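The values are calculated or read from the model by the stated rules, or taken from the named source; none is laboratory data. Quantities reported herein were computed from a predicted structural model and do not represent experimental measurements. Here the Cβ positions follow ideal geometry from the backbone for every residue, glycine too, while neighbour counts run over all protein chains shown. The protein model used for the area step is the full one, side chains on, heavy atoms only, and it has no ligands, DNA or RNA in it. Shrake-Rupley method; radii C 1.70, N 1.55, O 1.52, S 1.80 Å.
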Amino acid sequence: MNELETLIEKFNQASNKNKLKLVDDIIEKGEEGFQFLREFLFSSQQDVPTPVLGKIYQLLKHSNNQDYQNFINDKIPQGIVKPESSLNIDYSELQQLLIDKEYQKADVLTRVKLCEIAGEKAQQRKWLYFTEISKFPISDLHTIDLLWNVYSEGKFGYSVQRKIWLSQGKDFIELWTKLKWKNGNRWTKYPQEFIWDLSAPLGHLPLSNQLRGVREIDALFAHPAWTTENA
Ligand code: UYC
């Protein structure tokens with residue numbers, strides 16, 4: 001077996017977490033590495049999208065090789081997540097921003113989309129009442145969360161934040177610290193002090209403004225979306 005074959009065998013047996021790391025090693029092997037990842041992505045299209053597939057998709061789309069870009073544009077132009085919505089809301093722009101790792105723009109658009117879910121009054125107000133959040137359809141929250149998660153190597157998304165919050169005994173102060181939304185007594189300043197790439201801590205994005213208190217994020221974490229398997 002050559003080095004690439006050994007890597008591929010390792011990859012096939014690895015957990016999703018280790019697969020994320022091995023993708024980088026496989027890419028380093030050049031053309032044949034890319035070829036393998038392309039096949040892997042193509043043959044996984046009917047599967048539930050994972051951060052591993054999202055990372056491969058991003059690498060192929062942003063490679064210097066025209067063949068891979070063409071492959072993406074011809075075969076899977078819209079991305080690997082089918083953005084389900086009970087309200088016929090269009091999440092394609094959010095998907096494209098996240099594919100392109102435009103996390104700051106995606107963060108802004110996510111809040112716009114949440115207001116769109118809540119309806120006309122919230123769209124005008126530009127922020128949410130916690131009572132509106134509890135009525136959100138599961139499918140739309142699943143979609144937003146999946147998009148963030150799949151295109152961030154599993155780092156971002158409300159479900160990631162919620163898990164940290166649970167692990168801290170539902171203590172918001174502890175959560176802010178873990179997410180680097182707060183440093184000691186100092187709130188992180190929006191937008192310039194937040195970290196808009198994958199060097200951010202786990203769960204750093206998307207942001208929820210705490211100016212009006214914790215009831216909004218509390219309602220988000222209490223939503224049945226996170227304890228229900230399917231929409
Ligand atoms: N901001 O500090 N935030 C804003 C965060 C707070 C404040 C937006 C997050 C603390 C003001 C977003 C944190 C606070 C505005 C976030 C944070 C504060 C603003 C834009 C760490 C002062 C302008 C979207 C928890 C001590 C308000 C939006 C306005 C905006 C996010 C101040 C996404 C995660 C308590 C004055 N902050 N925010 O909602 O109306 O306006 O323009 O959380």
Quick check: at a probe of 1.4 Å, how many percent of the accessible area of the chain sits on carbon and sulfur atoms? 49 percent
What does the highest-first list of 145-152, 117-124 look like by mean Cβ count within 10 Å? 145-152, 117-124
The size of the Cβ-based charge dipole (Lys, Arg +1; Asp, Glu -1) of region 45-195 about the Cα centre, to the nearest 20 debye, is 660 debye
Suppose R0 equals 25 Å. What FRET efficiency, 1/(1 + (r/R0)^6) with r the Cβ-Cβ distance, do F42 and Q13 give to the nearest 0.05? 0.75
Using heavy-atom solvent-accessible surface (probe 1.4 Å) with all chains present, what is the largest-first order of V112, V48, V23? V48, V112, V23
Cβ crowding within 10 Å averaged over residues, with 133-143, 192-202, 217-227 ranked highest first: 133-143, 217-227, 192-202
Most mobile of G33, G203, G169 per a Gaussian network model of the chain (Cα springs, under 10 Å)? G169
Give the separation of the Cα centroids, region 52-129 to region 137-209, in Å. 18 Å
Reported to the nearest 10 Å², R125 has, with a 1.4 Å probe, an accessible area equal to 60 Å²
Counting helices only, and only those DSSP H runs with n ≥ 4, report the 222 nm mean residue ellipticity of the chain as the sum of -39,500 (n - 2.57) divided by its residues, in deg cm²/dmol to the nearest 500. -16500 deg cm²/dmol
Report E116's accessible area, 1.4 Å probe, all protein chains in place, as a number in Å² to the nearest 10. 60 Å²
Ignoring ligands, DNA and RNA, what accessible area per residue does region 111-231 give at 1.4 Å, in Å²? 53 Å²
Normalising by the residue count of the chain, find the relative contact order in percent from Cα pairs under 8 Å and 6+ residues apart. 18 percent
Paramagnetic label zone (point 7 Å from Cα along Cα-to-C-beta, R212; backbone N under 13 Å) in region 121-148: 121-134
From the residues P83, N12, N73, which one has its Cα farthest along the dipole of region 1-98 in the positive direction, the dipole being from +1 and -1 charges on Cβ of Lys/Arg and Asp/Glu about the Cα centre? P83
